[in-house]
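Encoded as structure tokens, the structure appears first; notes follow it.
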Amino acid sequence: MKVAVIGTGYVGLVTGVVLAQLGNDVICVDKDQEKVEKLKQGIPPIYEPGIEEMLKQGLKDGFLKISNSIQEATEASEVVFIAVGTPPAEDGTPDLTAVRAVANEIAKHIKKYTVIVNKSTVPVGSGDMVENIILSHGVDSSLFDVVSNPEFLREGSAIHDTLHPDRIVIGAKRRDAAVRLVELYATLQAPMIVTDLNSAELIKYGANSFLAMKISFINAMSRVCELCSANVADVAAGIGSDKRIGNQFLNAGLGWGGSCFPKDVQGMVKVSEDLGYDFGLLKEVIQINEDQTHHFLGRLEKRLGGFAGKKIALMGLAFKANTDDIRDAKSLVIIGEVLAKGGSIVAYDMVAEENVRQQYPNIEYVSNVYELSKDADALIVVTEWNEFKQLDLERLGQGMKQKVLFDGRRIYDRAKAERAGFEFFTIGSV
Ligand code: UGA
């Protein structure tokens with residue numbers, strides 16, 4: 001099939017390279033010329049395992065083209081994906097400026113029947129909004145359909161998630177349009193949920209809100225565990241082995257971050273509010289998430305007798321492992337609070353360092369994790385990078401002023417850490 005993907009962020013680029021690998025003729029479009037030039041040379045603008053190889057392969061095989069022209073892409077394609085960003089505005093509503101701009105541009109170039117697919121995460125009613133924009137350009141309604149096809153990929157395993165989805169959701173007003181997408185995805189052999197536009201849009205917000213709720217639930221449980229000397233890992237295993245609950249997304253930690261959950265849970269609250277429903281449950285989910293990092297930092301502050309004059313070493317900066325993304329990363333909350341209270345920071349994250357450096361050019365960065373310990377008063381595990389799990393803990397602690405280890409991602413075994421001479425603190429167990 002001939003496919004255009006407008007926007008080469010996480011969702012757009014991964015969708016584009018995967019569809020090209022499946023043998024479709026794909027044109028990926030971005031308005032950022034620098035990005036376009038790099039992509040043409042096979043250099044992806046994001047860090048994501050496997051993407052560079054797939055991008056290069058697609059370009060080499062000729063199934064993938066990169067362009068800055070929505071006109072060229074629309075005219076050449078039967079299916080046009082909108083995969084541009086929808087960042088949260090001040091009030092939590094997703095900002096649809098980019099989606100509107102792209103819809104206006106696509107509308108100008110529709111010459112034959114085209115399916116316009118919304119892949120960006122958008123509030124209920126956005127499909128209708130895109131349809132109205134296209135109609136406002138005088139395009140006949142028989143020449144196009146708008147379909148909602150939300151994305152469920154995770155950063156760090158985006159290619160795998162796109163090739164092996166749990167389900168594909170397709171929301172459309174007319175069955176014919178949905179069938180086009182069913183055909184496009186047929187080779188993936190995934191369960192397909194074909195529904196109306198509004199339901200598809202709600203599924204995306206609902207899924208992310210539910211997952212965030214699961215994490216906030218176990219983090220709230222971790223607080224109770226700390227108060228009664230229970231172990232949250234065992235509690236999570238026990239709860240999660242009930243198939244109706246499931247054992248995934250029950251890892252207690254510093255809380256959820258990233259480019260999706262914070263935006264989408266907030267978006268769900270706002271969308272509900274606009275429709276006349278106060279989704280108090282989700283407001284609490286957000287509150288628990290914010291409290292979690294502050295509670296953890298409070299324990300460290302108490303142990304150190306304040307942060308003033310103390311050097312805090314951060315293991316990891318990315319919002320989770322296998323990504324350089326630092327949007328809503330807990331590292332930023334920790335850095336902000338420690339600096340504000342007179343402490344200093346030394347940090348290690350080979351992948352995400354550059355992004356944090358742009359916000360905090362004056363904190364200390366090291367390029368070897370073992371260099372973190374020099375004169376540090378405490379080590380904090382902020383990101384669950386695999387390399388941290390294999391470290392020689394005795395060596396890690398050498399040179400510290402105080403051998404205090406705060407494990408914010410529960411990657412270390414208490415006995416092992418204590419054998420290495422650490423005073424060990426973790427989440428959800430004493
Ligand atoms: C999330 C969803 O998992 C995807 O299905 C969805 O497509 C994506 O958002 C999106 O809307 O685009 P992502 O943000 O990449 O994916 O990351 P996750 O792996 O879901 O992790 C989110 C946050 O939850 C991270 O901060 C992670 O550390 C935290 N987390 C996750 C926990 O604290 N505990 C867990 O058990 C799982």
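The values are calculated or read from the model by the stated rules, or taken from the named source; none is laboratory data. None of the values given here were measured: they were computed from a predicted structure. Here Cβ is always computed from backbone atoms with ideal geometry, including for glycine, and neighbour counts include all displayed protein chains. Keep in mind that these areas ignore ligands, DNA and RNA; they rest on the heavy atoms of the full protein, side chains included. Shrake-Rupley method; radii C 1.70, N 1.55, O 1.52, S 1.80 Å.
Here are Gly257, Gly238: which of them is at pLDDT 95 or above, among the small types (Gly, Ala, Ser) and within 15 Å of the ligand (Cβ to nearest atom)?
When all the criteria are applied, what remains is Gly257.
Condition (residue is of a type outside the set (S, T, N, Q), touching a strand residue (DSSP E or B) at 6+ places or on another chain (Cβ under 9 Å) and open to solvent by 40 Å² or more (accessible area, probe 1.4 Å)) applied to segment 375-398: is it met by at least one residue?
yes
Only residues that are surrounded by fewer than 15 Cβ atoms within 10 Å (Cβ to Cβ) and in contact (Cβ under 8 Å) with a residue 40 or more places away in the chain: list them for segment 189-213, please.
Correct list: Gly206 only.
Between a first residue in segment 8-19 that is in a helix (DSSP H, G or I) and a second residue that is among the hydroxyl-bearing types (Ser, Thr, Tyr), which pairs have beta carbons less than 6 Å apart while being 6 or more apart in sequence or on different chains?
Val14/Thr162; Val18/Thr162
So, in segment 163-182, exactly how many residues are open to solvent by 60 Å² or more (accessible area, probe 1.4 Å) and either of a type in the set (Lys, Arg) or under 17 Å from Ser126 (Cβ atoms) (or both)?
5
Conditions (1) in the same structural domain as Glu183 (by TED's automatic domain parsing); (2) open to solvent by 40 Å² or more (accessible area, probe 1.4 Å); (3) out of contact with any helix residue (DSSP H, G or I) (no Cβ under 9 Å at 6 or more places or on another chain), marked per residue:
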{"position": "Glu72", "(1), (2), (3)": "yes, yes, yes"}
{"position": "Glu75", "(1), (2), (3)": "yes, yes, yes"}
{"position": "Gly85", "(1), (2), (3)": "yes, yes, no"}
{"position": "Leu96", "(1), (2), (3)": "yes, no, no"}
{"position": "Thr121", "(1), (2), (3)": "yes, no, no"}
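Kindly indicate which of Val430, Val366, Val382 is β-branched (Val, Ile, Thr), in contact (Cβ under 8 Å) with a residue 60 or more places away in the chain and more than 16 Å from the ligand (Cβ to nearest atom). Show your work before the answer.
Numbers: Val366 fails: in contact (Cβ under 8 Å) with a residue 60 or more places away in the chain; Val382 fails: more than 16 Å from the ligand (Cβ to nearest atom).
The conditions single out Val430.
Taking segment 308-318 only, how many residues are open to solvent by 30 Å² or more (accessible area, probe 1.4 Å) and more than 20 Å from Gly397 (Cβ to Cβ)? Even if it seems obvious, please write down each step before you answer.
Looking only at segment 308-318, we keep the residues that are open to solvent by 30 Å² or more (accessible area, probe 1.4 Å), and these are 308-311.
Subset that is more than 20 Å from Gly397 (Cβ to Cβ): 308-309.
Matching residues across segment 308-318 total 2.
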